[in-house]
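K.L.:
Before I ask anything, here is the structure I am working with.
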Amino acid sequence: MKNPSAQNISFTDFNLIGFYSLGEWRPLLFIPFFLMFFLSITANSFLIYLIICQKSLHSPMYVLIGLMAVVDLISPIFFVPNMLLSFLFNWSGISLTGCLIQMFGLHLVGSFQSTLLFWMALDRYFAICKPLHYHKFMEISNFLKFIIVPVMRNGLLVITMVSLAGRLSFCATNVIDHCFCEHMALVQLACGDVSVNNMVGLLNAFLIPTADFILITASYAVIFVSVFRSGKAQIKAINTCITHIIVMTCSLTFALIAFMSYRIRNDFSTSSRVFVSTMYLLFPSCFNPIIYGVRTKEIRQRCLQFIREVKIFPLQRNTFFKIKINNIADTVTF
């Protein structure tokens, strides 16, 4: 029950205490989350480097995979370093402004994960169902019409959600039982009516990831029908579609569980809710580059080729120096 005498007080500083119930075991969480963060930074950086350096990977599909890697690289940076410092040193303080900036960054970058998967689905649709017109559809001038509307939708909804959260007064407590400033984790601490905030949060959940999921599912349904009608020889063409479905299913499942856990009665413990919320941001960032690297034949081949070249280069360099030394020795006379 809220204290009526505290209605004139609005906290401007908060403490993030996610997994606090683990007590003395909480610092040990540094190890798995640091390893996941390191994997995310390393794998996504390598994938971006590979796509930039290999000219054969400059087609639209691989450019979109590279953009996904950029999103996956940025997303953990918004919250994982602070979370790791909290685990090790109990540095859990954050200002309201910092909290809103973190919320904006996480939700804006996160919204583009599902949107990029939708763009990838469009790419596969044009490549498989409209192969003769693929390059025409994928020209920037034509593809922009599929980009502008989702970008405007994402930006408008996230800005509205964060702005409404910033106008609230927080008089109940300044303790956020979470590892980062998730929208509802902050909003539930507010005084007064938060029904508008709750509704806008739901709109974000259903108009961005859920809407993208429906559009992606429809695209793949058309692709599968087209492939099976054309014969078994075309089945290999849907390999990348299966990759996208794996990524999309994992991401959307974690995201919707996290969003709905605040709004539907459930037996989720606070730590379980925090874990799911953390996973819907961190899991795709860690495993997207691995999934694409393993499932996408061209990327896998270029990766293996790059590793072989790195191994061969030192041998070639040593051979070069040996030849030069021998040539010099042969020309020296006494």
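K.L.:
Looking at segment 50-79 only, could you name the residues that are part of a loop (DSSP other than H, G, I, E, B) and over 13 Å from the mean Cα position of the chain (by Cα)?
P.N.:
GLN54, HIS58, SER59
K.L.:
Given the conditions (1) over 17 Å from PHE112 (Cβ atoms); (2) at pLDDT 90 or above; (3) surrounded by fewer than 20 Cβ atoms within 10 Å (Cβ to Cβ), which single one is not true for ILE74?
P.N.:
(1)
K.L.:
All but one of (1) closer than 27 Å to LEU207 by Cβ; (2) among the aliphatic types (A, V, I, L, M); (3) touching a Phe, Trp or Tyr at 6+ places or on another chain (Cβ under 6 Å) hold for ALA69; which doesn't?
P.N.:
All conditions pass for ALA69, except number (3).
K.L.:
How many residues does segment 154-167 hold that are surrounded by 17 or more Cβ atoms within 10 Å (Cβ to Cβ) and over 12 Å from VAL200 (Cβ atoms)?
P.N.:
1
K.L.:
Right, something else. Is it the case that SER195 is of a type outside the set (Val, Ile, Thr), surrounded by fewer than 18 Cβ atoms within 10 Å (Cβ to Cβ) and either at pLDDT below 90 or in contact with a strand residue (DSSP E or B) (Cβ under 6 Å, 6 or more places away or on another chain) (or both)?
P.N.:
Taking the combined requirement at face value, the residue satisfies it.
K.L.:
Got a number for residues in segment 136-153 being in a helix (DSSP H, G or I) and either surrounded by fewer than 13 Cβ atoms within 10 Å (Cβ to Cβ) or aromatic (Phe, Trp, Tyr) (or both)?
P.N.:
Residues that pass the stated criteria total 11.
K.L.:
Return only the number of the condition from (1) crowded, with 17+ Cβ neighbours inside 10 Å; (2) touching a residue at least 24 places away in the same chain (Cβ under 8 Å) that THR173 does not satisfy.
P.N.:
So THR173 meets the others, but not (1).
K.L.:
Checking the conditions here, which among ASN44, ASN82 is on the phi < 0 side of the Ramachandran plot and either within 13 Å of the chain's Cα centre (by Cα) or among the hydroxyl-bearing types (Ser, Thr, Tyr) (or both)?
P.N.:
ASN44
K.L.:
May I ask you to list pairs of residues, at least six apart or on different chains, whose Cβ atoms are under 6 Å apart, with the first in segment 108-136 being free of Cβ contacts under 8 Å to residues at least 40 places away in the same chain and the second being hydroxyl-bearing (Ser, Thr, Tyr) and assigned to a helix (DSSP H, G or I)?
P.N.:
VAL109/SER75; PHE126/TYR134
K.L.:
Right, here's the next one. Go over the candidates ASN44, ASN15 one by one and state the one that is touching a Gly at 6+ places or on another chain (Cβ under 9 Å), more than 15 Å from THR278 (Cβ to Cβ), surrounded by 14 or more Cβ atoms within 10 Å (Cβ to Cβ) and of a type in the set (S, T, N, Q).
P.N.:
Residue meeting the stated conditions: ASN15.
K.L.:
Listed residues LEU157, LEU108; which is at pLDDT 90 or above, touching a Ser or Thr at 6+ places or on another chain (Cβ under 8 Å) and not hydroxyl-bearing (Ser, Thr, Tyr)?
P.N.:
Of LEU157, LEU108, the one residue that is at pLDDT 90 or above, touching a Ser or Thr at 6+ places or on another chain (Cβ under 8 Å) and not hydroxyl-bearing (Ser, Thr, Tyr) is LEU157.
K.L.:
Is it the case that some residue within segment 283-294 is within 16 Å of ALA43 (Cβ to Cβ), surrounded by 14 or more Cβ atoms within 10 Å (Cβ to Cβ), in contact with a Pro (Cβ under 8 Å, 6 or more places away or on another chain) and at pLDDT 55 or above?
P.N.:
yes
K.L.:
Hey, another quick one. In segment 184-200, how many residues are over 24 Å from ARG26 (Cβ atoms), in contact (Cβ under 8 Å) with a residue 12 or more places away in the chain and not in a loop (DSSP other than H, G, I, E, B)?
P.N.:
5
K.L.:
Please go through (1) touching a residue at least 40 places away in the same chain (Cβ under 8 Å); (2) closer than 19 Å to GLU298 by Cβ for LYS55 and return the number of the only condition it doesn't satisfy.
P.N.:
Going through (1) touching a residue at least 40 places away in the same chain (Cβ under 8 Å); (2) closer than 19 Å to GLU298 by Cβ one by one, LYS55 breaks only (1).
K.L.:
Now a separate question. Name the pairs whose Cβ atoms lie under 6 Å apart, with the first residue in segment 81-106 and surrounded by fewer than 13 Cβ atoms within 10 Å (Cβ to Cβ), the second among the charged types (D, E, K, R), and 6 or more positions between them or separate chains?
P.N.:
From segment 81-106, the pairs are SER95/ASP13.
K.L.:
Here are LEU85, LEU47: which of them is over 17 Å from ASN288 (Cβ atoms), in a helix (DSSP H, G or I) and of a type in the set (A, V, I, L, M)?
P.N.:
Result of the check over LEU85, LEU47: LEU85.
K.L.:
From the list LEU132, LEU203, which one is modelled with pLDDT under 85 and either in a helix (DSSP H, G or I) or surrounded by 14 or more Cβ atoms within 10 Å (Cβ to Cβ) (or both)?
P.N.:
LEU132
K.L.:
Here's another thing I want to ask about it. Looking at segment 206-225 only, could you name the residues that are surrounded by fewer than 17 Cβ atoms within 10 Å (Cβ to Cβ) and over 21 Å from the mean Cα position of the chain (by Cα)?
P.N.:
Answer for segment 206-225, where residues must be surrounded by fewer than 17 Cβ atoms within 10 Å (Cβ to Cβ) and over 21 Å from the mean Cα position of the chain (by Cα): ALA218, ALA221, VAL222, PHE224, VAL225.
K.L.:
Against the conditions (1) outside any loop (DSSP other than H, G, I, E, B); (2) modelled with pLDDT under 85, where does CYS171 fall short? Just the number, please.
P.N.:
Answer for CYS171: the failing condition is (1).
The values are calculated or read from the model by the stated rules, or taken from the named source; none is laboratory data. Keep in mind that what you see is a predicted model, and the values were worked out from it rather than measured. Note that each Cβ is placed from the backbone with ideal geometry, even for glycine, and that neighbours are counted across all protein chains shown.
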